[in-house]
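Heads up, the thing below is written out as structure tokens.
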Amino acid sequence: MSNSQQNSTTYTGDIIGGVPVITHLNLDDLESGKIYRFMFQGSNMNIGQHWYVPVMVAKGNKSGKRLLLNTGIHGDELNGSRVIQQLFANLDPTQLSGSIIGVIQAAPNSLFHISRTWYSSTDSGEFTNMNGIFPGNKDGNSAQIHAHLLWNHLWHNNCDYAIDLHSQSTDTEYPLFVFADYRVAAIKTMAELIPADQIKNDEGEKGTVETTFVEHGIPAITIEIGAARSYQSEYINRTLEGIKNILNHLKICDYPLGRNAASYGSFIGNQMHSVKAITGGYAEIKVNLGDTVVQNQEVALQRNAFGDVIHTYLAPVNGLVLSLGTGATREAGGLLVRILY
Ligand SMILES: [Zn+2]
């Protein structure tokens, strides 16, 4: 394939559910003032079929900034899909300056088995956390190849700003919470346009979607929307409110400004401490999301199978409850309570 072909939006000619399949997206090729749906062709399975990623693009009548909204990198984190669906359902592309890309199921393999990890069948099978392997590896396992395709053929050349939508994992929960690297002013601005419950100034982790964008000079934040596996409408609506603020700020769309971190009273911290189970057993959590805790306050306990209390857990610091384990059983090392301070 020549360079010019690689740089153009590339259609395979296949249609899935009425939607054209592409192997490369270039927003410059698309006609202005329209909304598009694509199935982006991801990595190939052992059975010789591809994984496909549903993508929506709104290309404005006027040129301007390009915002990527991504979700589904972890397959049990679903609130973000409804945020993107609702935003696109009410968009008028003729009123936009710039473009919005919505990627709904970035890791369809993980969504299929409602899991944090991608399953590769090679070498007896292995599970990969997609949010640690970007920008991917075209010679790696199927997860790494898929990451490489997303990064090089869908995301990187098509956006100036990026937001990756997550939630907490199965059996744990967050409130509406933002990870943001405050060393970059544009990122701090994006984060504080979200009326989140809590924000963590965080330098990020190598290989995550957010940090890989930041390393490539593209301001990016991660929004953690509540709990896994469900739709939580209050968090979904508040995330949408924040994203509309960002679209206004970037002059992509003139939505009226809603609440932001300042007016909502978001708690902003730069340290967090996870209280983890030191043994297996039944867990009882003594605090709620957003509670203020003081050092040495009892925050959780664990019982054995007979109901005897085998361990109590104390807050190591003063702070706010950021995350909870919601599953009744916890193995050693499992999260009980996370405190932001
Ligand atoms: Zn996640």
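Mind telling me which of the residues Gly204, Gly269, Gly258 ends up being within 16 Å of the ligand (Cβ to nearest atom), of a type outside the set (Asp, Glu) and in contact (Cβ under 8 Å) with a residue 24 or more places away in the chain?
Values: Gly269 fails: within 16 Å of the ligand (Cβ to nearest atom); Gly258 fails: within 16 Å of the ligand (Cβ to nearest atom).
Sole residue among the options that is within 16 Å of the ligand (Cβ to nearest atom), of a type outside the set (Asp, Glu) and in contact (Cβ under 8 Å) with a residue 24 or more places away in the chain: Gly204.
Is it true that some residue in the range 296-316 is under 22 Å from the mean Cα position of the chain (by Cα) and modelled with pLDDT of 95 or more?
For the range 296-316, residues under 22 Å from the mean Cα position of the chain (by Cα) and modelled with pLDDT of 95 or more: absent.
Condition check: in the same structural domain as His148 (by TED's automatic domain parsing) and within 16 Å of the ligand (Cβ to nearest atom). Does Gly33 satisfy that?
Numbers: in the same structural domain as His148 (by TED's automatic domain parsing): yes; within 16 Å of the ligand (Cβ to nearest atom): no.
The answer is no for Gly33.
For Tyr174, work out the one condition from (1) within 16 Å of the ligand (Cβ to nearest atom); (2) closer than 20 Å to Thr212 by Cα; (3) of a type in the set (Ser, Thr, Tyr) it doesn't fulfil.
Of everything listed in (1) within 16 Å of the ligand (Cβ to nearest atom); (2) closer than 20 Å to Thr212 by Cα; (3) of a type in the set (Ser, Thr, Tyr), Tyr174 misses just condition (2).
Against the definition (out of contact with any helix residue (DSSP H, G or I) (no Cβ under 8 Å at 6 or more places or on another chain) and away from the ligand (no atom under 16 Å from the Cβ)), how does Lys138 come out, yes or no?
The answer is no for Lys138.
Go through the range 239-261 and give me each residue that's hydroxyl-bearing (Ser, Thr, Tyr) and closer than 19 Å to Ile187 by Cβ.
Thr239
State yes or no: is Asn152 more than 25 Å from Ile285 (Cβ to Cβ), in a helix (DSSP H, G or I) and more than 16 Å from the ligand (Cβ to nearest atom)?
Judged against the criteria, Asn152 is a match.
Results for (1) acidic (Asp, Glu); (2) surrounded by fewer than 16 Cβ atoms within 10 Å (Cβ to Cβ); (3) in contact (Cβ under 8 Å) with a residue 40 or more places away in the chain, shown as yes or no for each residue.
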residue: Thr279; (1), (2), (3): no, yes, yes
residue: Gly290; (1), (2), (3): no, yes, yes
residue: Asn296; (1), (2), (3): no, yes, no
residue: Leu301; (1), (2), (3): no, no, no
residue: Asn304; (1), (2), (3): no, yes, no
residue: Val321; (1), (2), (3): no, no, no
residue: Ala328; (1), (2), (3): no, yes, yes
residue: Glu331; (1), (2), (3): yes, yes, yes
residue: Tyr341; (1), (2), (3): no, no, yes
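So in the range 175-226, with the set limited to residues that are of a type in the set (Ser, Thr, Tyr) and not in a loop (DSSP other than H, G, I, E, B), which one is farthest from Cys159 (Cα to Cα)?
Thr189
Given (1) touching a Cys at 6+ places or on another chain (Cβ under 6 Å); (2) at pLDDT below 95, identify the lone condition not met by Thr122.
Looking at each condition in turn, Thr122 falls short on (1).
May I ask you to verify whether Thr189 is assigned by TED's automatic domain parsing to the domain that holds Ala58, within 16 Å of the ligand (Cβ to nearest atom) and not aromatic (Phe, Trp, Tyr)?
Considered against the rule, which asks whether it is assigned by TED's automatic domain parsing to the domain that holds Ala58, within 16 Å of the ligand (Cβ to nearest atom) and not aromatic (Phe, Trp, Tyr), Thr189 comes out as no.
Within the set of pairs 6+ apart or on separate chains, which have a first residue in the range 110-131 that is over 16 Å from Gly72 (Cβ atoms), a second that is assigned to a helix (DSSP H, G or I), and C-beta atoms under 9 Å apart?
Hits for this filter: Ser120/Asn109; Ser120/Ser142; Ser120/Ala143; Ser120/Gln144; Ser121/Ser142; Thr122/Ser142; Glu126/Ala143; Phe127/Ala143.
Scan the range 256-273 for residues that are surrounded by 15 or more Cβ atoms within 10 Å (Cβ to Cβ) and among the hydroxyl-bearing types (Ser, Thr, Tyr) and report the count.
2
Looking at the range 121-135 only, could you name the residues that are within 16 Å of the ligand (Cβ to nearest atom) and assigned to a loop (DSSP other than H, G, I, E, B)?
Ile133, Phe134
For the range 38-120, please list each of the strands (runs of 3 or more DSSP E) lying entirely inside it that holds at least 3 residues being within 15 Å of the ligand (Cβ to nearest atom) and either out of contact with any Ser or Thr (no Cβ under 6 Å at 6 or more places or on another chain) or farther than 14 Å from Cys253 by Cβ (or both). Don't jump to the end; show me each part of the working.
Working: elements: 50-59, 62-71, 97-103, 117-120.
Strands (runs of 3 or more DSSP E) meeting the threshold: 62-71.
The values are calculated or read from the model by the stated rules, or taken from the named source; none is laboratory data. Quantities reported herein were computed from a predicted structural model and do not represent experimental measurements. Note: ideal-geometry Cβ built from the backbone for every residue, glycine included; neighbour counts use all protein chains shown.
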